[in-house]
Amino acid sequence: TVPLPTSSALFDGLSGLNPNKDSTLDPAFHGTLDSLTLDGYTGTLVFGRDLNVSKNITVMTGHLTSDNKGPINLEAQNGGINVGKDVLISAPTITFTAAGLIDIYGSLKGDFVHLQSLNGDIILENGSLIDASTTEPGASGGRVEILANRIALRGAEIDASGPMGGGTILIGGDY
């Protein structure tokens, strides 16, 4: 496991985190990071618990997943979330909450994907994928919620299909 510091973190500043090796963030971590940037990381980063960041979360490369099939909850309390095009984030439940811009170039895969910008916009860039689909026999697709004042879908793909029917995709915020 990789312990998290109590201030800003860059992948090579996380004690024990090798940019080319799978790592697990310390599940005992409590508190809030100032900011988190993962750039040049090619391994799989496993989350043991929610990650709260007071400013910005930037994930430019790598695969983020959760231990024990738990959720991935990322919160940028006073900033935004940026997910690069070579990033895959997968978990049964993915929740991103940001005060500012959420900008997605990569792929999010889960049964339930919730993106919410409290005071900013959400941009799903060309080539991005929000995937709540399933191929499990007898199952319906999952649920996607994209909530913000303004949302731009720039060639993004959103999929909540399943063998027994589609799931739910909600875009906007006035439900």
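The values are calculated or read from the model by the stated rules, or taken from the named source; none is laboratory data. None of the values given here were measured: they were computed from a predicted structure. To get the accessible areas, we keep the full protein, side chains included, count just its heavy atoms, and leave off ligands, DNA and RNA. Shrake-Rupley method; radii C 1.70, N 1.55, O 1.52, S 1.80 Å.
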Taking one equal scatterer on every alpha-carbon of region 110-154, how large is log10 of I(q)/I(0) by Debye at q = 0.19, 0.21, 0.26, 0.30 1/Å? -0.65, -0.74, -0.94, -1.08
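Mind checking the full-extension length gain between Leu170 and Arg154? Use 0.36 nm per residue of separation minus the Cα-Cα distance, one decimal, nm.
On the way: separation 16, 0.36 × 16 = 5.76 nm, distance 1.66 nm.
That works out to 4.1 nm of additional length.
At a 1.4 Å probe radius, carbon and sulfur cover how many percent of the accessible area of region 74-175? Could the numbers behind the result be given before it?
Working: 2130 of 4630 Å².
C and S fraction of accessible area: 46 percent.
What length, rounded to one decimal in nm, is gained on full extension from Asn119 through to Asn78, with 0.36 nm per residue of separation minus their alpha-carbon distance? Mind showing how you got there, number by number?
Numbers: separation 41, 0.36 × 41 = 14.76 nm, distance 0.98 nm.
Length gained between Asn119 and Asn78: 13.8 nm.
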